[in-house]
1. Considering only 143, 262, 114, give the residue with the highest GNM mean-square fluctuation for the chain, with springs between Cα atoms whenever their separation is below 10 Å.
2. Quote the charge dipole size of the chain about the Cα centre in Debye, to the nearest 20; the model charges only the Cβ of Lys and Arg (+1) and of Asp and Glu (-1).
3. Taking square-rooted eigenvalues a ≥ b ≥ c of the alpha carbon gyration tensor, is the range 1-79 rounded, prolate or oblate, where a/c under 1.5 means rounded and, failing that, a/b exceeding b/c means prolate?
4. How high is the relative contact order of the range 241-357, given as a whole-number percent (alpha carbon pairs under 8 Å, six or more residues apart)?
5. In the chain, what percent of the accessible surface is made up of carbon and sulfur (1.4 Å probe, ligands and nucleic acids excluded)?
6. Using helices alone, what [θ] at 222 nm do you get for the chain, with -39,500 (n - 2.57) per DSSP H run of 4 or more residues, divided over all residues and rounded to the nearest 500?
7. Counting pairs of alpha carbon atoms under 8 Å apart in space and at least six apart in sequence, what relative contact order in percent does the chain give?
8. I need the peptides 280-289, 29-38 ranked by packing, meaning the mean over residues of other C-beta atoms within 10 angstrom, with the highest value on top.
Amino acid sequence: MSKPVRFTNTTQSAFFATVRQRVDAYFQQQGVSKYANGAMWGKTVFYLTGFVVAYALLISNQFGLGVMALLAGTLGALCAFIGFNVCHDAIHSSFSANKRVNKVFSLLFNLIGANPYMWSITHNVVHHTYTNIPGHDEDIEVAPGLVRLSAEEPVKKVQRYQHFYAFPLYGLASLSWVLRKDYIKFFKDKIGQHDNRKHPRKEYFNLFFYKALYYVLFIVLPLVLLDITWWQFVLGFLLMHFVEGLVLGLVFQLAHVVEGTAFPLPDETGDMREAWAAHQMRTTANFSTNSKLAHFLCGGLNQQIEHHLFPKICHIHYPAIAGIVKQTAHEFSLPYLENRTFFSALRSHYRVLRKMGKEAYTAQVLVPAAA
């Protein structure tokens, strides 16, 4: 899609101006910072300590295969939770008002196998601007050709079963990130509408240096220090990444690919015919907003609506501002999409996969037959 995408509906702009004013007023009235508070720092210490302990125990060579497998799975989950709860805010510059603090915590993204510089482009810039727009938001492209998420994509026979095989494919997400995705994205000319041909010189060094560091920590050292065979290592490595990838994939999909979320296309001039904030309300959904466990684990990503509207606010404050956002959305006749629990969101995502796969293929076959 060559036409630049624009959000030009000025009649809807009052919604974002109003909700932003109300959220700003909340922080002023409460006298609290928009950045990390004590609870946020406590989460950070908890997850980073858990990561260090799990990694140290895993490479200590003091346990049998069963315990090491459990530690590998635990480490994978912790990597995902560190990404959600620490690095995600840091890369959005919402963890701290201090740029150096954000920089330090964003570098931890490398320890879970991902490049923070490329994430800032693909996620912060492209995904947050062109959410769920086919051909522009590459974050919604999960195994192109195998997993169909939007009605604009062609229907293929294999996709009849995507409501089954999509979930194990999500488990490959972090493995792809570690071994190929960042390299491919780094050297692409364009990511969505973003011109990706020029990078600071230091980012070339960072990409290869931190990838090498990751390979040393998670491939070389385990092979050297652990009394296991190479195939046992491979199974453990795959288990760790499957857990990490599945957690990452599910949380993201439940926020953007559930019943009610839209995958709109611009018109022939590139106009989306709505305001950016209204677009976010139609393409994003929350889940488990009343669950303290979900908030603790997901780093606010179960409240994607608040996150997409206010990515510069630390996720620890999303529960407090959610009522403001929801009320304002209703006042402006905009949707506020939410699933009550994780499992209701999961069922909704399953139904979308089935609708876009099996049901779409069946309809496509029946129409020519009837004709």
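The values are calculated or read from the model by the stated rules, or taken from the named source; none is laboratory data. Just so it is clear, the structure is predicted and the values come from calculations on it, not from any experiment. For neighbour counting, all protein chains shown are included, and Cβ atoms are generated from backbone atoms with ideal geometry for every residue, glycine included. Each accessible area value is taken on the protein alone, full model and side chains, heavy atoms only, with ligands, DNA and RNA left out. Shrake-Rupley method; radii C 1.70, N 1.55, O 1.52, S 1.80 Å.
1. The residue that fluctuates most here is 143.
2. Value, rounded to 20: 220 debye.
3. Here the range 1-79 falls in the oblate category.
4. Result for the range 241-357 is 32 percent.
5. 64 percent
6. -16000 deg cm²/dmol
7. Computed over the chain, the figure is 27 percent.
8. Output ranking for 280-289, 29-38: 280-289, 29-38.
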